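Colleague: Attaching a single structure in structure tokens format; questions to follow.
Laboratory data are not the source of any read-out in this text; all were calculated from the coordinates shown. Note that this is a predicted model, so its numbers are computed, not measured. Please note: Cβ atoms are built from the backbone with ideal geometry, for glycine as well, and neighbour counts cover all protein chains shown.
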Amino acid sequence: MNKPGLTALLCACFFVPSLHAQEAASAPDAAMQAMMEAWQKAAAVGPQHEQLAEHFAGTWDSKQTVWMDPSAPPAESTGKDVSEAIFGGRQIRTTFNGSWAGQAFEGFGLTGYDNVRGKYTTLWTDSMSTGMFTADGEYDPATKTYTFSGQMADPMKPDATTTVRNVIRIVDADHHVMEMYETRDGKEAKTMMIEYTRAKCRRRRIAERPAAGRFPAAPVARKMRTCRSRSAPRSCSRCSRPPRGRPAPRTRAT
């Protein structure tokens with residue numbers, strides 16, 4: 001074999017396997033990078049999550065109206081809903097306290113937006129059930145309405161489920177209404193309505209009135225100021241600040 005042919009053979013033996021090894025090593029790196037980018041996109045907080053916090057985070061007074069029998073008047077009750085953004089704004093956590101049929105009632109829920117599936121999601125469980133209700137939904141910006149659909153277990157028919165449709169209409173920044181519809185025997189009927197009103201927290205506004213003597217006058221309550229916080233009560237910078245006490249007396253300079 002001549003010298004040029006031998007040189008070409010040696011290059012093929014040493015450099016070609018090395019090139020294949022580099023390609024094999026870069027393939028997992030590319031796959032890992034693609035996987036990391038996909039997970040980052042799935043976990044990113046977007047405008048849908050910010051919108052949920054704007055619409056639902058806060059403390060709400062609620063009025064529940066329930067239709068147990070279409071031929072009978074509905075039952076009414078009241079409660080309090082506290083909702084706050086968690087996990088960096090990825091979910092809205094709701095805790096509810098009220099009463100039903102003369103008994104204390106507690107509930108817990110999560111509402112979020114799934115970036116992967118492109119759907120709003122909700123989960124609910126309470127002290128009157130051992131199961132969990134889950135549903136997926138859409139938002140219509142034209143009507144400011146969320147519509148969730150899911151299946152609920154029927155205690156009267158353990159082998160069957162009931163189709164549930166929850167419609168949440170945003171009235172304004174301080175009011176929204178949830179209507180629940182159930183489909184039984186092929187007929188859909190409204191079974192519950194909850195009207196939410198943002199709770200108003202008040203604190204006494206203190207004003208110091210100047211005095212003629214050495215010491216300033218005691219603080220005087222001038223008026224009540226309403227603070228409407230869209231976050232959880234404990235993060236309300238106004239209402240969590242206690243009123244100022246009596247100022248310390250001033251000393252005369254010597």
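Colleague: With +1 on the Cβ of every Lys and Arg and -1 on the Cβ of every Asp and Glu, and nothing else charged, how large is the dipole of the stretch 48-198 about its Cα centre, in debye rounded to the nearest 20? Mind dumping the intermediate values first?
Modeller: Working: 14 positive and 22 negative charges, 30 e Å.
Dipole size: approximately 140 debye.
Colleague: Turning to a different aspect of this structure: Placing +1 on the Cβ of each Lys and Arg and -1 on the Cβ of each Asp and Glu in the stretch 48-198, which of Ala53, Gln64, Phe87 has its Cα farthest towards the positive end of the resulting dipole?
Modeller: Phe87
Colleague: What residue among Ser149, Met128, Met192 has its Cα farthest toward the positive end of the dipole of the stretch 48-198, where the charges are +1 on Lys, Arg and -1 on Asp, Glu, each on the Cβ?
Modeller: Ser149
Colleague: Enumerate the aspartates and glutamates that Lys157 could reach by cross-link, defined here as Cα to Cα under 16 Å, with residues fewer than 8 away along the same chain left out.
Modeller: Qualifying aspartates and glutamates at Cα under 16 Å: Glu182, Asp185.
Colleague: In addition: Relative contact order (percent) for the stretch 128-180, with alpha-carbon contacts under 8 angstrom and 6 or more residues of separation? Before the final figure, lay out each step's value.
Modeller: On the way: 81 pairs, mean separation 13.8, N = 53.
Over the stretch 128-180, the number comes to 26 percent.
Colleague: If you take every residue apart from Gln151 with its C-beta less than 12 Å away from the C-beta of Gln151, what net charge results, scoring Lys and Arg +1 and Asp and Glu -1?
Modeller: Working: positive: Arg165; negative: Asp136, Asp154, Glu182.
That sum, taken over residues with Cβ under 12 Å, equals -2.
Colleague: So which trypsin sites (Lys or Arg not before Pro) in the stretch 91-121 end up in coil per DSSP with only 11 or fewer other C-beta atoms within 10 Å?
Modeller: Within the stretch 91-121, the qualifying trypsin sites (Lys or Arg not before Pro) (loop, at most 11 other Cβ atoms within 10 Å) are Arg117.
Colleague: Per 0.36 nm of contour for each residue apart, how much would the distance between Glu106 and Asp61 grow if the chain were fully extended, relative to their Cα-Cα spacing? Please report the intermediate quantities before stating the final value.
Modeller: Details: separation 45, 0.36 × 45 = 16.20 nm, distance 1.43 nm.
Full-extension gain reported as 14.8 nm.
Colleague: Excluding same-chain residues fewer than 8 positions from Lys63, which aspartates and glutamates have a Cα within less than 15 Å of its Cα?
Modeller: Filter leaves Glu76, Asp81, Glu106, Asp174, Glu179, Glu195.
Colleague: Along the three principal axes, how long is the stretch 48-198 when you take its alpha carbons, biggest first, rounded to the nearest angstrom?
Modeller: Cα spread of the stretch 48-198 along its principal axes, largest to smallest: 42, 32, 31 Å.
Colleague: How high is the relative contact order of the stretch 49-160, in percent, counting Cα pairs under 8 Å that sit 6 or more residues apart? Display every interim value, and only then the final one.
Modeller: On the way: 206 pairs, mean separation 16.3, N = 112.
Dividing the mean separation by the residue count of the stretch 49-160 yields 15 percent.
Colleague: Let me ask something else about it. Using Cα centres only, tell me the gap between the stretch 38-69 and the stretch 96-136 in whole Å.
Modeller: Rounded to whole Å, the Cα centres lie 11 Å apart.
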